[in-house]
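Throughout, read-outs are computed from the coordinates displayed, never taken from laboratory work. Keep in mind it's a predicted model, so treat the numbers as computed, not measured. Don't worry about glycine lacking a Cβ; one is built from the backbone with ideal geometry, like all the others, and counts go over all protein chains shown.
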Amino acid sequence: GQNIDQPTEMTATEGAIVQINCTYQTSGFNGLFWYQQHAGEAPTFLSYNVLDGLEEKGRFSSFLSRSKGYSYLLLKELQMKDSASYLCAVRDGDYKLSFGAGTTVTVRA
Amino acid sequence: IAGITQAPTSQILAAGRRMTLRCTQDMRHNAMYWYRQDLGLGLRLIHYSNTAGTTGKGEVPDGYSVSRANTDDFPLTLASAVPSQTSVYFCASSDGATSGTDTQYFGPGTRLTVL
């Protein structure tokens, strides 16, 4: 089976930076996704990495190291609306997504 | 507005009853998926369809069936519901390409309670 680990919860202050780590062990690798999910809503796509390195998209950046089975999502200049769950998902050798349990980020004023 | 719709939004169901969750997308995506989301476990794939007329089993298919008669619709059926099927169910779709991002887009979810 697939194994994707990420912290359960993180808390940070408005305007700060938070880094959410994700480690994975999967059967094959065809990309890593980060999704954002607000309470009671559907997951929405944030970022995609398939090659090693950093992908920057506004206040959000995502990093991948395939050799280490490791990714992180960096949220900068935190805003209250960033309070949500962040889901790490790996596309395996069968092109199916396996999700981590999600990290709930709480932004405090 | 393009996207994915699911029905019903929520449902309370007696154990042993049959239930079909509906999912429709208007993005002409080839691939569609059904996930369940449970606290502490994340999203788990139930069934998928790479293209109309084909379906496949995901990680947790037992107790569920699907059909894909056309591109737009992908209903999920619980033949005889059990309390362990209480969950939030999300339908998703993607282009289905095996190269590139092939991002999955999610519907709003159906909250199902089986008593």
With +1 assigned to the C-beta of every Lys and Arg and -1 to the C-beta of every Asp and Glu, and no other charges, what is the dipole magnitude of region B:17-115 about the Cα centre in debye, to the nearest 20? 340 debye
With chain A treated as a Gaussian network of Cα nodes joined by springs under 10 Å, which of A:GLU77, A:GLU14, A:GLU41 yields the largest mean-square fluctuation? A:GLU41
Can you put B:ARG18, B:ARG111 in order of Cβ neighbours within 10 angstrom, beginning with the fewest? B:ARG18, B:ARG111
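Could you put B:LEU41, B:LEU76 in order, starting from the residue whose Cβ has the fewest other Cβ atoms within 10 Å? Show your work: numbers first, answer last.
Working: B:LEU41 14, B:LEU76 21.
Least crowded to most crowded, the residues run B:LEU41, B:LEU76.
Most exposed first by the Cβ proxy, i.e. fewest other Cβ within 10 Å, how do A:LEU75, A:LEU54, B:LEU112 rank?
Numbers: A:LEU75 23, A:LEU54 11, B:LEU112 20.
Ascending Cβ contact count within 10 Å gives the list A:LEU54, B:LEU112, A:LEU75.
Count the lysine pairs in the protein assembly as shown that are 8 or more places apart or on different chains: how many have C-alpha atoms under 21 angstrom apart? Mind showing how you got there, number by number?
On the way: A:LYS57/A:LYS76; A:LYS57/A:LYS81; A:LYS68/A:LYS96; A:LYS96/B:LYS57.
Going through the protein assembly as shown pair by pair, I get 4.
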With the crude spin-label approximation of a point 7 Å out along Cα→Cβ, what separation in nm comes out for B:ALA69 versus A:LEU74? 5.1 nm
Per-selection Kirkwood Rh - the protein assembly as shown (Cα, Å, 1 d.p.): 18.0 Å
Considering only DSSP beta bridges where both residues belong to chain B, give the percentage that are antiparallel (nearest 5). 90 percent
Each label sits 7 Å from Cα toward the beta-carbon; between B:THR9 and A:GLU14 the label points are separated, in nm, by 2.9 nm
If you average the alpha carbon positions of region B:31-71 and of region A:27-47, how far apart do those two centres end up, in angstrom? 17 Å
In peptide A:96-103, what is the residue-averaged number of other protein chain Cβ atoms found within 10 Å of each Cβ? 6
What's the average, rounded to a whole number, of partner chain beta-carbon atoms within 10 Å of each residue's beta-carbon in B:33-40? 2
